[in-house]
Amino acid sequence: MSTPPGSSRAAQMLASTAPPGGPPPAFPQFGHIKRHWDPTAGVYAAKLLPGDYYVTTEGEMITTVLGSCVSACVRDTQRRLGGMNHFMLPLESEGRAAWSSDVSAATRYGNVAMERLINDLLKCGARRENLEFKLVGGGRVLAAMTDIGARNIEFVREYMRTEGYRVSGEDLGDAFPRKVNYFPETGRVQVKKLTNMRNETIAAREQNYLKELGTAPNSGGVELF
């Protein structure tokens, strides 16, 4: 069958326009997550900041930008169900994070971020044996400091081994920040490594964020990039 002239252009124009009614309903715990229509992907996108995580059953895209941070992209391969987190540090050594009433304050740490994401997926109907994991991030963007990215990578790999999960794909390490788009419905992950021209700005913002982590609770997330 031949393609009618201009049909590709028409499809692009259709995708650039958000459908009426706004974004699909989100689970109550994710009411603070900002969502917008992405005309390139033709879907609603949930944008994660450090300390955020998000679970969806609605065919949405989840997007974030990572420097030293790591995101786990997790889905149930048998259901339209998946989610992603964005954590800044591997562990809360004193155990305060696990009991924090501020979700983003707790989930900025990898151990809490992983548990909350997986637990929410299971509560929404996912099965542990069907979970697929893809890992992204952990760039060395803070050259003058401890390599937090490497610590995050070490943590998340050890977590996978300890919990008995298999990693089906990863893009970890290197010296670049990354923009990540995740499509839980299909498991597709798009990763764009950002250029060196932006590294200094990203590093400065990440340093500021780390200072805030050490001196005050996170009151809703700081957008690094």
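The values are calculated or read from the model by the stated rules, or taken from the named source; none is laboratory data. Bear in mind the structure is a predicted one, so any value in this text is a computation, not a measurement. Neighbour counts run over all protein chains shown; Cβ positions are idealised from the backbone, glycine included.
Give the number of residues within the range 43-68 that are outside any loop (DSSP other than H, G, I, E, B), more than 14 Å from residue 117 (Cβ to Cβ) and modelled with pLDDT of 95 or more. Let's see the steps before the verdict.
Keep residues of the range 43-68 that are outside any loop (DSSP other than H, G, I, E, B), which gives 43-47, 53-56, 61-66.
Add one more test, that the residue is more than 14 Å from residue 117 (Cβ to Cβ), and what stays is 43-45, 47, 61, 63, 65-66.
Checking the rest, the ones that are also modelled with pLDDT of 95 or more come to 43-45, 47, 61, 63.
Going through the range 43-68 one residue at a time, the tally reaches 6.
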Check your understanding: Would a scan of the range 134-143 turn up a residue that is loosely packed, with under 15 Cβ neighbours inside 10 Å, more than 16 Å from the chain's Cα centre (by Cα), modelled with pLDDT under 95 and closer than 25 Å to residue 67 by Cβ?
Key -> yes
Review point. Is there any pair linking a residue in the range 161-178 that is more than 15 Å from residue 118 (Cβ to Cβ) and of a type in the set (A, V, I, L, M, F, W, C) to one that is surrounded by fewer than 14 Cβ atoms within 10 Å (Cβ to Cβ) and modelled with pLDDT under 95, with Cβ under 6 Å and at least six apart or on different chains, and which?
Key: 176/193
Review point. Counting just the residues of the range 153-178 that are at pLDDT below 95 and basic (Lys, Arg), which one comes out nearest to residue 82 (Cα to Cα)?
Key: 166
